[in-house]
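Here the structure is laid out as structure tokens; the discussion comes afterwards.
Every number here is computed from the coordinates shown, using simple stated rules; none is lab data. Remember, it's a predicted structure, so these values are computed and weren't measured experimentally. Every residue, glycine among them, receives a Cβ derived from its backbone with ideal geometry; neighbour counts consider all protein chains shown.
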Amino acid sequence: GESVGLHLPTLSVQEGDNSIINCAYSNSASDYFIWYKQESGKGPQFIIDIRSNMDKRQGQRVTVLLNKTVKHLSLQIAATQPGDSAVYFCAENGLPRQLTFGSGTQLTVLP
Amino acid sequence: ETGVTQTPRHLVMGMTNKKSLKCEQHLGHNAMYWYKQSAKKPLELMFVYNFKEQTENNSVPSRFSPECPNSSHLFLHLHTLQPEDSALYLCASSHPNIGGNTEAFFGQGTRLTVV
């Protein structure tokens, strides 16, 4: 079946460094992608989205890159801060038009 | 706050109990969802409601029974659950645009423990 997955379950970065979280998807019909952040004890929180007619989108300290050729999505966080420590999920909104989530990457920011 | 409120935040219930989870959204959205989040697993979509009508049931056991009395409220009625049903249950809402693509806003979840 179709799936959304993440390359690494955990990622540790030094405070101030840039973080890159990767995601692979397999549904070629997916045309909308979202990154969510989930802190401990909270529900997932929207970070940034991108539609399939784009290959890059920037937000505040975050950038999402989409490579449709290899079905790959990445989230870049600039100048990572302790408050960025959380689990990050990618999600796709393909067919049927509902969100399918990956298993998540735990980002830990080291002091 | 995301505009989606879930109660209770924590629930412990025996396998013979009946309980209900409640979700309320104040965002004017017309779609609401129940997701199950188990440890080390992706979020699993359980039910989808659009304009109060159930449009998706992802092979969820009948011991989970959803109810959507209006576009702002969603319930999940629980009865005779099993220990493996222990998980974080997340409610979400969205307002699909014409293209059908929109982000979902999540509540804080109900942490359910079945004993």
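Annotations
- Candidates B:27, B:21, B:81 - the one that is assigned to a loop (DSSP other than H, G, I, E, B), surrounded by 16 or more Cβ atoms within 10 Å (Cβ to Cβ) and more than 10 Å from chain A (Cβ to nearest Cβ): B:81
- Filter pass, residue B:108 being assigned to a loop (DSSP other than H, G, I, E, B) and either within 26 Å of residue A:88 (Cα to Cα) or within 14 Å of chain A (Cβ to nearest Cβ) (or both): yes
- Taken together, B:65, B:93 contain a single residue that is in contact with a Leu (Cβ under 8 Å, 6 or more places away or on another chain) and surrounded by fewer than 17 Cβ atoms within 10 Å (Cβ to Cβ), which is B:65.
- Candidates in the stretch A:22-35 are the residues that are more than 8 Å from chain B (Cβ to nearest Cβ) and crowded, with 21+ Cβ neighbours inside 10 Å; of these, the one that is nearest to residue A:89 (Cα to Cα) is A:35.
- Hey, residue B:56 charged (D, E, K, R), in contact (Cβ under 8 Å) with a residue 12 or more places away in the chain and either in contact with a strand residue (DSSP E or B) (Cβ under 6 Å, 6 or more places away or on another chain) or more than 17 Å from residue B:110 (Cβ to Cβ) (or both) or not: no
- Subset of the stretch A:89-111 (residues that are in contact with a Pro (Cβ under 7 Å, 6 or more places away or on another chain), within 14 Å of chain B (Cβ to nearest Cβ) and assigned to a strand (DSSP E or B)): A:89, A:101, A:105, A:106
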